[in-house]
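The values are calculated or read from the model by the stated rules, or taken from the named source; none is laboratory data. Note that the structure is predicted; figures quoted are calculated from it, not measured. Here the Cβ positions follow ideal geometry from the backbone for every residue, glycine too, while neighbour counts run over all protein chains shown. These accessible areas exclude ligands, DNA and RNA; they are computed on the full protein's heavy atoms, side chains included. Shrake-Rupley method; radii C 1.70, N 1.55, O 1.52, S 1.80 Å.
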Amino acid sequence: MEPLVSTWLSGLDGIPTQAQNVNQQHYAASLMKLPVAIAAYRLRDRGLLSLDEPISVHPDFDSAVEGSRFEMDPAEDQDPETWEAVGSALPLGDLVRRSLTVSGNLAVNLVLERVGLEEVAAVLADAGVTPMTTVSRGIEDAPAREAGLQNLVTANDMGKLLSKLASGRLLSPESTAEVEGILVAQEYRDAIPLGVPEDAVVGNKTGWVDGVRHDMAIIRPAEGPAQVMVVLTTGLDDDESEFRISEVARYLWSTL
């Protein structure tokens, strides 16, 4: 596989000032967790659910392929606390937060089960993304993966999603602030945050599987307008990819 790097930099108007390979598809990895989280908050905004709602924690799910089920593997997750709650319940809001801040796989599948793929698709549609970006299944849904259902993103579409989120065009003001606050609490800070000024407030979401490393962020500098940055990489050496993303971020910031 030839290495592919896609980049996006824009203000909150969503008009890119720097862009490279923005319409090339990448496997989404954990970037799909952000539109799932936004879907939960949109339903809260409409009074259709409460983030305090208790959600039963279980590791088995209906597949996106009708009639099939799959079970998740705790060894594939970086969120042991949610796994420790299997057999009990956790508030929906806690699961949303863990899906973003520690990129919990079980957490996001539980949120997705509650909100549904159609609501996530509505988030993407309202963000104005192209058909190149899809959320078609949960994490570790092997029957769906084998049937060819993939979660895919482009830098263009993730730039649109973040710019509309950050400018309050997807959620209520309260929910916008809460979601961005969760992104600011992100625990994985070794990619884009290392390439921008230390005094900037950065809310980011990472994504990774073997051969794939992504980061995307809302960046609010101490001075000057807020920016949206997306760096997607496929086919780079895993040991170097985070460093490469931070270096790309540093270059993109230098162009402002």
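Return a yes/no flag: does segment 120-137 have any residue that is over 14 Å from A37 (Cβ atoms) and without any contact (Cβ under 8 Å) to a residue 12 or more places away in the chain. Yes: one or more hits. Going through (1) out of contact with any helix residue (DSSP H, G or I) (no Cβ under 9 Å at 6 or more places or on another chain); (2) among the acidic types (D, E); (3) in a helix (DSSP H, G or I) one by one, E66 falls short only on (3). Listed by first and then second residue, the pairs linking a residue in segment 5-25 that is of a type in the set (A, V, I, L, M, F, W, C) to a residue that is in a loop (DSSP other than H, G, I, E, B) and at pLDDT 95 or above, with Cβ atoms under 6 Å apart and 6 or more places separating them unless they lie on different chains, are W8/V22; L12/S167; L12/A226.
Going through segment 171-190 one residue at a time, which ones are among the basic types (K, R) and open to solvent by less than 20 Å² (accessible area, probe 1.4 Å)? First the steps, then the outcome.
We begin by selecting, within segment 171-190, every residue among the basic types (K, R); these are 189.
Correct list: empty.
If you take the residues of segment 149-169 that are crowded, with 24+ Cβ neighbours inside 10 Å and among the aliphatic types (A, V, I, L, M), which of them is farthest from A226 (Cα to Cα)? Looking at residues that are crowded, with 24+ Cβ neighbours inside 10 Å and among the aliphatic types (A, V, I, L, M), I get V153.
Does A222 meet the test of being touching an Asp or Glu at 6+ places or on another chain (Cβ under 6 Å) and open to solvent by 40 Å² or more (accessible area, probe 1.4 Å)? So A222 passes the test.
Just one of the numbered conditions (1) in contact (Cβ under 8 Å) with a residue 60 or more places away in the chain; (2) open to solvent by 60 Å² or more (accessible area, probe 1.4 Å); (3) of a type in the set (S, T, Y) is not true of S68: (2). V22 satisfies every condition listed in (1) part of a loop (DSSP other than H, G, I, E, B); (2) over 29 Å from L4 (Cα atoms); (3) open to solvent by less than 60 Å² (accessible area, probe 1.4 Å); (4) of a type outside the set (G, A, S) except (2). Might you let me know whether segment 135-146 holds any residue that is in a helix (DSSP H, G or I) and either among the hydroxyl-bearing types (S, T, Y) or surrounded by fewer than 16 Cβ atoms within 10 Å (Cβ to Cβ) (or both)? For segment 135-146, residues in a helix (DSSP H, G or I) and either among the hydroxyl-bearing types (S, T, Y) or surrounded by fewer than 16 Cβ atoms within 10 Å (Cβ to Cβ) (or both): present.
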